[in-house]
Amino acid sequence: MTGGTAGNGRPAERSRYPLDDVSKAIIEQLQQDGRRSYAKIGKVVGLSEAAVRQRVQKLTEAGVIQVVAVTDPLEMGFARQAMVGVRVTGPLQPVADRIAELDEVIYVVITAGTFDLLVEVICTTDDHLLELLSDKIRSIEAVDSTETFMYLRLRKQIYSWGVR
């Protein structure tokens, strides 16, 4: 479960959607198990199956949640994962948008600090990663420099951080 998207993997530009306690409880149930049935969720939150289905649909349409299958990139043939720190000259948003369009890019965030952007990528080989960095990311005119942090071993990845 992640924040909502505009249908292209990028966060939708939207105002904050109001969440009541029941919606928050539904989200927490789905964070624990995205395949949990609406009937089981309904028993926990005190709604009918149909009412839970309707709430989940509204939360999805509003971009508050998305329910997806989270895969292991290694099992999907992506042998190389990395985080790329990008320094930009000029406006950040256009560069972030260009990078977000790349197929290998799975996460882009505009940051404050040493790097202007952090970009998570998945590639099939080291040569694929080199091509991505050299031919696609570094060739964007406003990209000043990059630093690549190759993943050696994933120690923690969660999606059940709850709601506030």
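Please treat every number below as a calculation from the coordinates, not as lab data. On a predicted model such as this, the values are computed, not experimentally measured, just so you know. We place every Cβ from the backbone using ideal geometry, glycine too, and count neighbours over all the protein chains shown.
Key figures
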| read-out | value |
| --- | --- |
| Listed residue (Gln93, Ala50, Ala82) projecting farthest to the positive dipole end of the chain, Cβ model | Ala50 |
| Tally of Lys pairs whose C-alpha atoms are under 28 Å apart, taken over the chain, 8 or more apart or cross-chain | 7 |
| Most mobile listed residue (Val56, Val70, Val22) in the chain, GNM with C-alpha springs under 10 Å | Val70 |
| Stretchable slack from Ala39 to Asp144, in nm (0.36 nm times residue separation minus alpha-carbon distance) | 32.6 nm |
| Only Lys, Arg (+1) and Asp, Glu (-1) charged, at Cβ; the chain dipole about Cα centre in debye | 960 |
| Degrees, to the nearest 10: 21-32 long Cα axis against longest axis of the chain | 60 |
| Label point at Thr71 placed 7 Å out along Cα→Cβ; residues across the stretch 129-164 whose backbone nitrogen lies under 18 Å | 129 |
